[in-house]
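The values are calculated or read from the model by the stated rules, or taken from the named source; none is laboratory data. Just so you know, these numbers come straight off a predicted model, no measurement behind them. As a convention, Cβ positions derive from the backbone with ideal geometry for all residues, glycine included, and neighbour counts pool all protein chains shown. These area figures cover heavy atoms from the full protein model, side chains too; ligands, DNA and RNA do not enter into them. Shrake-Rupley method; radii C 1.70, N 1.55, O 1.52, S 1.80 Å.
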Amino acid sequence: MARVSQEHLDARRRQILDGAARCFARNGFHATSMQDVLSEVGLSAGAVYRYFRGKEELIAAIASEAFDGIRGAFEEASLTVPPPTPDVLLGRVLRIFLEERVAGADRQAFARLIIQVWSETLRDERLYATLSEGYHGMRQAWALLVEAYRANGLMAADVPADHVARTLIATAQGFIAQQALFGDVEVGVLQDGLRGLMSMETQSPS
């Protein structure tokens, strides 16, 4: 019997994750059954369960991949000279995350899925560990980027890098929450708002 190549295994795993993400985004995490996922990806139960034992493992894998992609974008940006400003970088990352991550999934529905994932961390210790690890990884990646800003003379050094990192992460989380609740927020709006805030000049007290 011919051995299955790693490329084939990786492609099958990708097929399952993308299909599960579409299901979760369209129907919600709790309303989606594994049978829904099987129907979406067109595979047998045995083929899917070879990779994932259930919905919890699927959602943890989707979240982990998302964090890895975002962290990679930040780390790549920190090596660019000069590094992209926060408005450009956040816009780039959010477009990948919300607009390109799940082909065929409604953007607002996917944002709502992210909110559901956040709420699931309150009861699922494994998912909490995945999100906690991803969150700390993003803080480290943003902190590296802040150091790159300072090295290029783009940011003062009077605020701890981690404080800047947590504020920018909170900005992205707030945007996702708005998209989930109201569905009428374009990434360009966030970029314009950040650009306006970045244009402020601090005046010395008279």
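Would you look at the GNM of the chain, springs on alpha carbons closer than 10 Å, and say which of 149, 135, 49 moves the most?
49
What nm distance separates the two modelled labels at residue 197 and residue 173, each placed 7 Å from Cα along Cα→Cβ?
1.4
Can you work out D for the range 1-90 in µm² s⁻¹ from Stokes-Einstein, where Rh is the Kirkwood radius over C-alpha pairs, the temperature is 4 °C and the viscosity is 1.567 mPa s? Provide the component values of the computation, followed by the final result.
Working: Rh = 15.1 Å.
The diffusion coefficient I find is 86 µm²/s.
Using a 7 Å offset from the Cα along the Cα-to-Cβ direction at both residue 147 and residue 45, what is the distance between the two label points in nm, to one decimal?
According to this spin-label approximation, the distance is 5.1 nm.
For the chain, set up a Gaussian network in which alpha carbons nearer than 10 Å are linked by springs, and say which option among 177, 11, 77 fluctuates the most.
Result for the chain, Cα springs under 10 Å: 11 fluctuates most.
With label points built 7 Å along Cα→Cβ from the Cα atoms of residue 163 and residue 64, find their separation and express it in nm.
3.5
Which value, to two decimals, describes the C-alpha radius of gyration of the chain once divided by 2.2 N^0.38 Å? Don't skip to the answer; put the middle values down first.
Details: Rg = 19.4 Å, N = 206, 2.2 N^0.38 = 16.7 Å.
Scaled against compact globular proteins, the figure is 1.16.
Tally up the carbon and sulfur contribution to the accessible surface of the chain as a whole percent, 1.4 Å probe, everything protein left in place. Please report the intermediate quantities before stating the final value.
Values: 6230 of 11660 Å².
Summing carbon and sulfur atoms, their accessible area is 53 percent of the total for the chain.
Compute the acute angle (0 to 90°) between the alpha-carbon long axis of helix 6-27 and the principal axis of greatest extent of the alpha-carbon atoms of the chain; round to the nearest 10°.
In the chain, helix 6-27 runs at an angle near 80 degrees to the longest axis.
Keeping all protein chains in place, calculate the accessible area per residue for the chain (probe 1.4 angstrom), answer in Å².
Numbers: 11660 Å² over 206 residues.
I get 57 Å² per residue for this part.
Which of 45, 140, 191 sits closest to the plus end of the dipole of the chain, meaning its Cα is farthest towards the positive end, when Lys and Arg get +1 and Asp and Glu get -1 on the C-beta?
Going by the Cα projections, it comes out as 45.
Quote the FRET efficiency, to the nearest 0.05, computed for residue 121 versus residue 181 with a Förster distance R0 of 25 Å and r equal to the Cβ-Cβ distance.
Working: r = 19 Å, r/R0 = 0.76.
Plugging the Cβ-Cβ distance into 1/(1 + (r/R0)^6) gives 0.85.
Rounded to whole Å and ordered largest first, report the semi-axes of the equivalent ellipsoid of the range 103-164 derived from its Cα gyration tensor (root of 5λ). Write out the running numbers ahead of the final one.
Details: eigenvalues 195, 55, 16 Å².
Taking √(5λ) for each Cα gyration eigenvalue gives 31, 17, 9 Å.
Please identify, among 108, 179, 35, the residue showing maximal mean-square fluctuation in a Gaussian network model of the chain using a 10 angstrom Cα cutoff.
35
If one takes the longest principal axis of the Cα atoms in the chain, at what angle in degrees, from 0 to 90 and to the nearest 10, does the Cα axis of helix 161-182 lie?
60
Nearest 500 deg cm²/dmol is fine: what mean residue ellipticity at 222 nm does the chain get from its DSSP H runs of n ≥ 4 alone, each adding -39,500 (n - 2.57), divided by its residue count?
Numbers: 9 runs with 144 residues, N = 206.
So the helix-based figure for the chain works out to -23000 deg cm²/dmol.
Hey, can you grab everything whose amide H is under 5 Å from the amide H of residue 124? Only 5+ residues off in sequence or another chain; H modelled, so Pro and N-termini drop out.
Here nothing satisfies the definition.
So what's the gap between the Cα centers of the range 1-40 and the range 151-206, to the nearest angstrom?
So the separation of the two Cα centres works out to 35 Å.
For helix 86-95, report the angle its Cα long axis makes with the longest principal axis of the Cα atoms of the chain; keep it between 0 and 90° and round to the nearest 10°.
10
Give me the number: length gained by fully extending residue 8 to residue 136, i.e. 0.36 nm times residue separation minus the C-alpha to C-alpha distance, one decimal in nm.
Numbers: separation 128, 0.36 × 128 = 46.08 nm, distance 3.23 nm.
Net length gain for the segment: 42.9 nm.
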